[in-house]
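The values are calculated or read from the model by the stated rules, or taken from the named source; none is laboratory data. Keep in mind that this is a model prediction, so the values were computed, not measured. We place every Cβ from the backbone using ideal geometry, glycine too, and count neighbours over all the protein chains shown. Just the protein is used for accessible areas: all its heavy atoms, side chains included, with ligands, DNA and RNA removed. Shrake-Rupley method; radii C 1.70, N 1.55, O 1.52, S 1.80 Å.
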Amino acid sequence: QVQLVESGGGLVQPGGSLRLSCAASGSIFSTYVMAWYRQAPGKQRELVARITRGSSTIYADFVKGRFTISRDNAKNTLYLQMNSLKPEDTAVYLCNAALGFDTYWGQGTQVTVSS
């Protein structure tokens, strides 16, 4: 099993930046495909970015060029650097770990973009 704990959320003005972290424990972090999802009130959860074991990445169109996902296997930590934030980026951001049929979620961290 994997335990995931997100941090780094908060209130930021439009155009600002935040870096989210997801600390993993309990299993071999490097073997998991890791991802960030987000869920805004009244909306479905959506994929933001994914990074494979070999550090290949994919991004949702709405964050391309603004967000960067990365992982540090030595520290068992996943990151999401978010730049040029927009009000529509406001959501709870959740960390996900997947390996085969197993998938694990963190509790989420709130990101609010507002002036």
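List of remarks:
- Scanning the range 66-103 for residues that are among the charged types (D, E, K, R) and closer than 15 Å to Ser114 by Cα yields Lys86, Glu88, Asp89.
- Among residues that are among the aromatic types (Phe, Trp, Tyr) and under 16 Å from Val48 (Cβ atoms), Tyr104 is not included.
- Test: residue in the range 29-39 that is farther than 17 Å from Gly108 by Cβ and open to solvent by less than 30 Å² (accessible area, probe 1.4 Å): yes
- Filter result (in contact (Cβ under 8 Å) with a residue 12 or more places away in the chain and exposed (fewer than 14 other Cβ atoms within 10 Å of the Cβ)) within the range 46-56: Glu46, Thr52, Ser55
- Taken over the range 1-28, residues that are more than 16 Å from the chain's Cα centre (by Cα), open to solvent by 50 Å² or more (accessible area, probe 1.4 Å) and modelled with pLDDT of 95 or more amount to 4.
- Here Lys75 clears all of (1) among the basic types (Lys, Arg); (2) farther than 13 Å from Arg19 by Cα; (3) open to solvent by less than 40 Å² (accessible area, probe 1.4 Å) except the condition numbered (3).
- Elements of type strands (runs of 3 or more DSSP E) in the range 73-115, at least 2 residues being farther than 15 Å from Trp36 by Cα and at pLDDT below 95: none
- Failed item, numbered, when Tyr104 is tested on (1) over 14 Å from the mean Cα position of the chain (by Cα); (2) open to solvent by 10 Å² or more (accessible area, probe 1.4 Å); (3) of a type outside the set (Gly, Ala, Ser): (1)
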